Amino acid sequence: MKLSISKDEIQEKLSNIQNIVEKRNTMPILSHFLLEAGKKGTHIVATDLQIAIKEPLAAKVQSEGKLCIPARKLFEIVREAEGDITIESEDETWIKVSFGKSRFRLACLPSGEFPAWPGVESAEEIRFGIDALSEMIEKTMYAAGETDTRYTLNGLLFHIKPGDGHITVVGTDGHRLALLQQGMEAKVTDEKKVIVPRKAAAELRRFFGGSESVSAIIGKNHLLFKIGDVEFLVRLIEGSYPNYEQVVPPSNEKKVVVSREDFLRTLRRVSIMSRERSNAVRVDIAGSSLAVSSSNPDIGEARDEIGVEYIGEDISAGFNARYLMDALGAMTSEKVIFALQDPLSPTLLTEEGKEEYKCVVMPMRI
Amino acid sequence: MVNIMSRIILCIDMDAFFASVEQKANPRLRGKAIGVIGSGARTVITTASYEARKFGVKTGMNIWEAKKACPHLILVIANNARYTHTCKGLEEIYSRFTPDVEIYSIDEAFLDVTATHHLFGGPEEIGRSIKRSIKEAFGINCTVGIAPNILLAKLVSDIAKPDGLRWIKPEDVEGLMEDLPVKELWGIGAKITERLAVLGIRTCGELGRAPSSLLRSKFGIYGETLKAMGKGICSRHVQAKPEDARSIGHSMTLPRDIRERKEIEAYLFKLSEMVGRRARKHGYMGKTIVLVIRYADFETFSRQSMLLDFTNDTHDVYEGAITLLNGIHLKDKIRLLGVSLSTLIHDPHQLPLIEEERKRKAVLRAMDYVNDRYGEFKLTWGSYIAREREAGVISPSWKPSGVKSVHLK
């Protein structure tokens, strides 16, 4: 195998896979990427067994071949390189990397050791606009769990119902939930629920630039995203996702209309004085005022108040300010609707005039 | 800044507390040599009445040793509820005299009466009034030590026992300390006594005069504290507000050594429930689970692991303990098991969103409510098969408030 390639091209492609390749040395092959140089095209393949990425590499191939190259080391070399880089294999276990007068020899592994690319069986294809998919991920990912023992919560649920031409994406950590519904182009016959790991959703965003649409092919255990020439394969989280429809309160009566920016600023201010970790604040709604207060026996207290549009009984509830701030931060409208029922029931945040995006926050007992 | 030498601190120490309470409750035990024990097969003497102490019966003796020392010794199984009830009543009495009360253990308390003693006729009179109030309310004796700090108050209460009252004024401190063996001081145990003896230090007078550099080189930063203690100086104040807990744990010596997995699991469940319940009661959640095992030959070790999230749910604690147990190859029968929860935070009382978890939390709340009202383990899980209650005696470190770890002896 012998090929030459521009520094910028390989640096960009290698930087895309740095979060996927194994950093710890548990399975050495996973810290390598597979380089496949062919006359028809050259590819980089990287995987952590949950995610697999195949991206094209614009290279001049002089002789074909494939090899597993340590991803971190080659990336470090490339970053220090100048001009075009030549990669040449000596045999199955060594390559030479050269540019200008610099020469490197790098230990490699044979291509046969690299995990096989899993096939996506009997699949249905859905197309999204890049912006739509990007929004679905951005607006729900913050609410998903990260290291939850209920492992299905460490992913985003993509729920596709046949017939209605909509997809719902949900993230929850068991305390708050974010849900976004979007239209899509698809011929789907069966209802589908797939759980995409949070890490995969985060990594997928890297490839959103430079393309307008994404196609997603849903298999039994895998989901394959195709963005231009990049293939991004995700192993789905198995297990059942909590019934999110049951969690979204259908008819909270106490609806408060509040300026999103004002509410966000007030929460940010008052939570300075709340207990670390819990970020507990108390929200008191009375007449046309919404007061946020916090107290920490060791530090002190804080209180702030903003005007709101509200007609109804007074209500007070405790919240983790972080949860409210995350939800408000993910919204874009000028005003939001904060709908409560009672101090111990789920509350709903929505953008004024829009129904598609819903954030549910469970109160704290105060 | 208040001059610490001018403080008036009372140490109130119940005389043979458990035994006295039993003698008060049962007139036939009064004036007799009795020993309070646990209900398990391998219990020890927790407290001996003064009548039994005359025969050499001591705390920690096993039944055989105690009976040998005093053949007519009457053994009484501890009644923890009686002691905790009395302790709570004592706390109420103390609060009539000063708000600055630290219940140090089930039978000892420190009272800072600097600001209130003049209302009751001075330090000795306030001490006598407290003694009288306790006698009237519970019919038991105590000893009151009065001193400028808690170290000296504890010391004089030990010296004045039983049924005594003694006041050591600042000007008498030096004379008292001069020939006092160091081991008499609160906080100096056998090990430190031995290490001091190597340096030629046997009395508090010698300790107070020992060069700082020498003590620092042998004991590090604690050397300074030791030197101050030798002079009768103690900067620790009466802590009226309990400190934040660092861990919540329970351990128990089993009624007999066990190796059977099912039996170990049952005890771990019981301990986990005690830990979870205590954490919930006091509003804590923890992230680290520690499992302590003592083999029949007294070899003791612990294993710990970090959970993914903070919890105070009995089942999470139990799962954590079982995971740790699975990682241990047991090489002998087990004599003692302990479970504790650390890396604590205050429970923010965040409600769960998912229905099943809300139910699970509600069940725990309901169970805690029932057990608060009707007693521990009145309502428990079906998976925990009701086994014979192997009640231990309440630990001396028991407090009416706070979350101090408790070892069931």
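The values are calculated or read from the model by the stated rules, or taken from the named source; none is laboratory data. As the structure is a computational prediction, the values presented were derived from the model and not from experiment. FYI the Cβ positions are ideal-geometry reconstructions off the backbone, even for glycines, and counts take in every protein chain you see. To get the accessible areas, we keep the full protein, side chains included, count just its heavy atoms, and leave off ligands, DNA and RNA. Shrake-Rupley method; radii C 1.70, N 1.55, O 1.52, S 1.80 Å.
Observations
- Over chain B, dividing the summed -39,500 (n - 2.57) contributions of all DSSP H runs of at least 4 residues by the number of residues returns a 222 nm mean residue ellipticity of -11500 deg cm²/dmol.
- Each residue of the stretch B:350-359 is assigned a 3J(HN,Hα), and the resulting list reads 5, 7, x, 8, 7, 3, 4, 6, 4, 5 Hz, derived from the Karplus form 6.51 cos²θ - 1.76 cosθ + 1.60 (θ = phi - 60°), x at Gly and Pro.
- Between helix A:321-330 and chain A: long-axis angle, C-alpha atoms, 0 to 90°, nearest 10: 60
- The largest-to-smallest principal axis extents of the Cα set in the stretch B:219-331 are 55, 36, 27 Å.
- When the pairs B:Lys54/B:Lys378; A:Lys54/A:Lys139; B:Lys331/B:Lys378 are compared against a 31 Å limit on Cα-Cα distance, B:Lys54/B:Lys378; B:Lys331/B:Lys378 fall above it.
- Heavy-atom accessible surface that B and A bury in contact, both chains counted, 1.4 Å, Å² to 100: 1800
- In this Cβ point-charge picture (+1 for Lys and Arg, -1 for Asp and Glu), the stretch A:248-361 has a dipole of about 320 debye about its Cα centre.
- Rounded percent of accessible protein surface that carbon and sulfur make up, chain A, 1.4 Å probe: 46
- Degrees separating the helix B:314-326 axis from the principal Cα axis of chain B, which is the longest one: 80
- Between B:Lys333 and B:Ala296, the built amide H atoms are under 5 Å apart, and every one of these is 5 or more places off in sequence or on another chain.
- Values of log10 I(q)/I(0), in the order q = 0.07 Å⁻¹, for the protein assembly as shown under a Debye, Cα-only, solvent-free model: -0.77
- Gain upon complete extension [A:Asn19, A:Thr147; 0.36 nm per residue less C-alpha separation]: 44.4 nm
- Reference-scaled alpha-carbon Rg (2.2 N^0.38 Å with N residues) for the stretch A:124-246: 0.97
- Where the stretch B:174-230 is the region considered: accessible area per residue in Å², 1.4 Å probe: 55
- For the peptide B:44-54, the mean number of other protein chain Cβ atoms found within 10 angstrom of a residue's Cβ is 0.
- Interface residues in the stretch A:131-175 - accessible area drops by 40 Å² or more relative to the isolated chain, probe 1.4 Å: A:Thr147, A:Arg150, A:Gly174, A:His175
- Among A:Val258, A:Gly228, A:Gly165 - extreme Cα towards positive end, dipole of the protein assembly as shown, charges at beta-carbon: A:Val258
- Reachable aspartates and glutamates, given that their alpha-carbon falls under 18 Å from the alpha-carbon of A:Lys192 and they are not under 8 places away in the same chain: A:Glu121, A:Glu124, A:Glu125, A:Asp164, A:Glu238, A:Glu245
- The stretch A:31-99 versus the stretch B:1-62: alpha-carbon centroid distance in Å: 79
- Per-selection Kirkwood Rh - chain B (Cα, Å, 1 d.p.): 23.6
- For the stretch A:270-317, applying the loop criterion from DSSP together with a ceiling of 15 other beta carbons within 10 Å to the GluC sites (Glu not before Pro) yields A:Glu276, A:Glu313.
- Sparse-neighbourhood loop sites, chymotrypsin sites (Phe, Trp or Tyr not before Pro) in the stretch B:49-148 - DSSP loop, at most 16 other Cβ within 10 angstrom: B:Phe55
- The convex hull built on the alpha-carbon positions of the stretch A:12-56 has an orientation-averaged projected area of 3.2 nm².
- In this calculation the C-beta distance from A:Leu49 to A:Glu212 is compared with R0 = 30 Å, giving a FRET efficiency of 0.50.
- Pairwise FRET efficiency - A:Glu121 versus B:Ile345, Cβ, R0 = 45 Å, nearest 0.05: 0.45
- Reference-scaled alpha-carbon Rg (2.2 N^0.38 Å with N residues) for the stretch A:2-113: 0.97
- The stretch A:255-366: proportion of alpha-carbon pairs further apart than 25 angstrom, %: 12
- For chain A, the solvent-accessible area works out to 46 Å² per residue, with a probe of 1.4 Å and every protein chain left in place.
- Apportionment of accessible area to carbon and sulfur, chain B, percent (1.4 Å): 53
- For the stretch B:232-282, GluC sites (Glu not before Pro) meeting the loop criterion (DSSP other than H, G, I, E, B) and having at most 14 other Cβ atoms within 10 Å: B:Glu243, B:Glu260.
- Inter-chain Cβ neighbour average for residues B:340-352, partner chain, 10 Å: 5
- Chain-alone versus full-assembly comparison, the stretch B:306-327, residues with accessible loss of at least 10 Å² (1.4 Å probe): B:Leu308, B:Asp309, B:Phe310
- For chain A, fraction of C-alpha pairs farther apart than 35 Å, in %: 40
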